Amino acid sequence: MEITDLRALREASEVQALENRLGISRRDFLGLCAALATTMGLPAGAEAAIVKAVAAKQRPSVIWLHFQECTGCTESLLRAEHPTLEKLILDIISLDYHETLFAAAGHQAEAARKAAMKQHKGQYVLVVEGAIPTKDGGIYCKVGGQTAVNMLKECAKDAAAVIAIGSCASWGGMPATGPNPTGSSSVAEVLGKTVVTIPGCPPNPYNFLATVVHFLTFGKLPEVDQLGRPKFAYSRLIHENCERRPHFDAGRFALEFGDSGHRAGWCLYKLGCKGPETYANCPTIGFGDAGEGNWPVGCGHPCIGCTEKGVGFTKPIHALAELKSVTPPLGFPGVHESKGNRFDFTSAAALAAIAGAAAAGTAKLAQNLGKGTPVETGSHKDSGASS
Amino acid sequence: MSSHAEKPAPLGGPLVTPLTVTLAGLAGIAAVILLIRFIFGIGSVTNINDGYSWGIWVVYDVMAGSAFACGGYAIALLVYIFNKGEYHPLVRPALLGSLFGYTLAGASVIFDLGRYWNTWHIFFPPWAQVNSVMFEVAVCITLYIGVMWIEFSPAFLERLGRSDLKKKLSNWMFVFIGLGVLLPSMHQSSLGSLLIVFGTQINPLWQTMMLPLIFLMTAITVGYAVVILESCLSASGFKRPFEADLISRLSLVMWWFLVIYLVMRTVDLAWRGAWAEAFEPNVMATSFWIEMAGFILPVILLASPAARRRPDRLLISAVALIVGTLMLRLNGFLIGYQTGAGWHYFPSLPELLVTIGIIAAEILGYIVLVRWLPILPKVEPVKIAR
């Protein structure tokens, strides 16, 4: 891939054309591409590659399926306030089927899906939102008379890539929580293969967007972990980058909602925060484009572990997290540490006594040294020559 | 290799004197306080706090203590690197002083570390943080302590009559002598680099990129000062003739080092526009001038060849230089180091007593070993009229 400097692209014709196509300023567009490259932790130069790919390449066709879910993932994408993100999500990709955003309805919509699948066979990206019920032949979720299981398998067959967005599609999420009457399953379970998952309830829109743009730029999906989660977003525990972590290390915990520790912004671990066992980049990128600290823990609510199978919607919110990376020390320092004294009378007196004795000793010695002690001279004069 | 005019010989004489008993008593007090520190924790005896996480145990015992122990290094530099063989009689006594200074500085770090039982992590490669200035200092000082014991071992081997071992060792001694000059050059400058990483918490009078050079220069200079002081004290205490010829020539070397240092320090302060800080009405500026006086006084006192032959001037210069070097380290690491509003540090009496005990232990060890081992050049005993 030819990678150029971002600044060299300011005057590039395709970027200028994009200005008209998306209706956003070049400055905003270049800024967004740089932010996406940073979110994924890509090396310098990748932002330029992203700019060129987004501006020049044909938009990939995207088919977006909704199953057992609340549409929260779509909502979070649409409500992102980052400059013109909703324009980009509709213009970077060619969204050929999306039940929430469709103007068409009924058989017309289903026909559009079939047409897109045929036209872009083997090239389209399939995004799945929501879990898939499998019990009783999958009859608990149907679209246009077709079961979710059936529709997923049909769409996945010719897809270039499958992305499961949200916890429901990624690992079952809330619908799969016991007793799970509909036999809700994840995309990976239904298809019997690992797919890229963007878990979260809702997931951070930028993690999804970055994954799509990575696919667009480099022709492949980003590196994922054993659960199919992109490593750039899900390789660190929330606990590791949490802004309240110093309070955890110092033993300062909120013990009740609204107590003095909670109001002072202390660690929420003892209120059941699942940060220590949940892998996600929430503390570093935040939510809602409202600036630093805008995410559940930043707002004073313990993390519920929504991205993590076996934690979110499974463990009670108040239950203590299992500590994966660190165990708290046996003893904590006091909350109000002594700040020390400017002066200590006894030791100052001792210091003065020592200084006085040293000065007197030196003076006495200097006085005697010249007189009483024989002074040896000349004896070493020639020893240097033999060295 | 240098030949010696006089072979070193054990001094002999009584080990139990009022002085040695007093020194042992002071060391004993320190041992008791350290016992309390290890049982009840570091907070029970020191005044250090979250704002000042180290006190005089680090700043005096390690920072200043290891600089004062640079006599061996400074003399080795002169004898082996600049090939000035005439200073060879000073090597063993200087090395002995260094040996105690460094070994006890190394031990003092353990006293000061809150979780001292993790100290070995530094030397365990998979757990070492090799990008840390502290790592460099810790490993380098530890190695140097080992190297010095090996450098000094011929004195033990002579005493124990193991000339065979001594001969074998002497074939390899050049390696240890080389390391003995290299290692202190590394860690004495790194002690200055430690301050650089504290950034703006250090007053501009001491925060400069020249810190490594400033610390190295002062360590070498104070090394010569300590050798001069040791020589004065030996002459007075052991009733030996004062080595005026050798010491006056050594003091000229020291004088030149000092002049270069002062020029460098003055220009650096002017270059960074930091001189204004020296005239602020505060403790830091006062302390700065005490430090500078310690470096300027010897330059004035030892300016002429005649002055450099006067034992009293040599002694006062050496003491002034030791005070200046101590103040430089105290200023950098404590007095000119502001960690935030409200934080204060002043050493507690137990802290002071431990430091005094360590100094006493060094002097006691020096007295015992020069009486027992061949360290000082042999001279005919002389009667001194008081």
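The values are calculated or read from the model by the stated rules, or taken from the named source; none is laboratory data. Remember, predicted model here, so these are calculated numbers, not experimental data. Note that each Cβ is placed from the backbone with ideal geometry, even for glycine, and that neighbours are counted across all protein chains shown.
Below are the figures for this structure:
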{"read-out": "Qualifying residue in segment A:185-194 (condition: of a type outside the set (A, V, I, L, M), assigned to a loop (DSSP other than H, G, I, E, B) and in contact (Cβ under 8 Å) with a residue 12 or more places away in the chain)", "value": "yes"}
{"read-out": "Filter result for B:GLU277 (within 30 Å of B:GLY28 (Cα to Cα) and either crowded, with 18+ Cβ neighbours inside 10 Å or within 14 Å of chain A (Cβ to nearest Cβ) (or both))", "value": "no"}
{"read-out": "Flag if A:GLU47 is in contact with a Cys (Cβ under 7 Å, 6 or more places away or on another chain), modelled with pLDDT of 70 or more and in the same structural domain as A:SER184 (by TED's automatic domain parsing)", "value": "no"}
{"read-out": "Hits in segment A:287-307 (condition: at pLDDT 85 or above and either more than 18 Å from A:ARG229 (Cα to Cα) or touching a strand residue (DSSP E or B) at 6+ places or on another chain (Cβ under 7 Å) (or both))", "value": "A:ASN294, A:TRP295, A:PRO296, A:VAL297, A:GLY298, A:CYS299, A:GLY300, A:HIS301, A:PRO302, A:CYS303, A:ILE304, A:THR307"}
{"read-out": "Total residues in segment A:263-319, condition among the β-branched types (Val, Ile, Thr) and in contact with a Ser or Thr (Cβ under 7 Å, 6 or more places away or on another chain)", "value": "5"}
{"read-out": "Matching residues in segment B:282-313 - criterion: being within 14 Å of chain A (Cβ to nearest Cβ) and farther than 30 Å from B:ILE202 by Cβ", "value": "B:LEU301, B:LEU302, B:PRO305, B:ALA306, B:ALA307, B:ARG308, B:ARG309, B:ARG310, B:PRO311, B:ASP312, B:ARG313"}
{"read-out": "Per-region count, segment A:334-365, residues closer than 18 Å to B:VAL283 by Cα and more than 10 Å from chain B (Cβ to nearest Cβ)", "value": "1"}
{"read-out": "Failed criterion for B:GLY51 (all others in (1) within 14 Å of another protein chain (Cβ to nearest Cβ); (2) of a type outside the set (D, E, K, R); (3) touching a residue at least 12 places away in the same chain (Cβ under 8 Å); (4) not in a loop (DSSP other than H, G, I, E, B) hold)", "value": "(4)"}
{"read-out": "Restricting segment A:221-253 to residues that are closer than 22 Å to A:GLN123 by Cβ and touching a residue at least 40 places away in the same chain (Cβ under 8 Å), the residue that is farthest from the chain's Cα centre (by Cα)", "value": "A:LEU221"}
{"read-out": "Some residue of segment A:242-253 being of a type in the set (A, V, I, L, M, F, W, C), farther than 18 Å from A:HIS301 by Cα and not in a helix (DSSP H, G or I)", "value": "no"}
{"read-out": "All positions within segment A:265-286 that are in a helix (DSSP H, G or I) and either hydroxyl-bearing (Ser, Thr, Tyr) or at pLDDT 95 or above (or both)", "value": "A:TYR269, A:THR284"}
{"read-out": "Some residue of segment B:7-23 being within 14 Å of chain A (Cβ to nearest Cβ), more than 29 Å from B:ASP112 (Cβ to Cβ) and assigned to a loop (DSSP other than H, G, I, E, B)", "value": "yes"}
{"read-out": "Members of segment B:226-240 found to be facing chain A (nearest Cβ under 10 Å) and outside any helix (DSSP H, G or I), listed by number", "value": "B:LYS239, B:ARG240"}
{"read-out": "Criterion violated by A:LEU88 - all others in (1) at pLDDT 85 or above; (2) buried (at least 19 other Cβ atoms within 10 Å of the Cβ) satisfied", "value": "(1)"}
{"read-out": "Test: residue in segment B:314-321 that is at pLDDT 95 or above and more than 11 Å from chain A (Cβ to nearest Cβ)", "value": "yes"}
{"read-out": "Members of segment A:224-239 found to be assigned to a helix (DSSP H, G or I) and within 17 Å of A:LEU320 (Cα to Cα), listed by number", "value": "A:ILE238, A:HIS239"}
{"read-out": "Within segment B:273-384, helices (runs of 4 or more DSSP H) holding 3 or more residues that are without any contact (Cβ under 8 Å) to a residue 60 or more places away in the chain and in contact with a strand residue (DSSP E or B) (Cβ under 9 Å, 6 or more places away or on another chain)", "value": "none"}
{"read-out": "Some residue of segment A:122-134 being surrounded by fewer than 13 Cβ atoms within 10 Å (Cβ to Cβ), in the same structural domain as A:SER186 (by TED's automatic domain parsing) and not in a helix (DSSP H, G or I)", "value": "yes"}
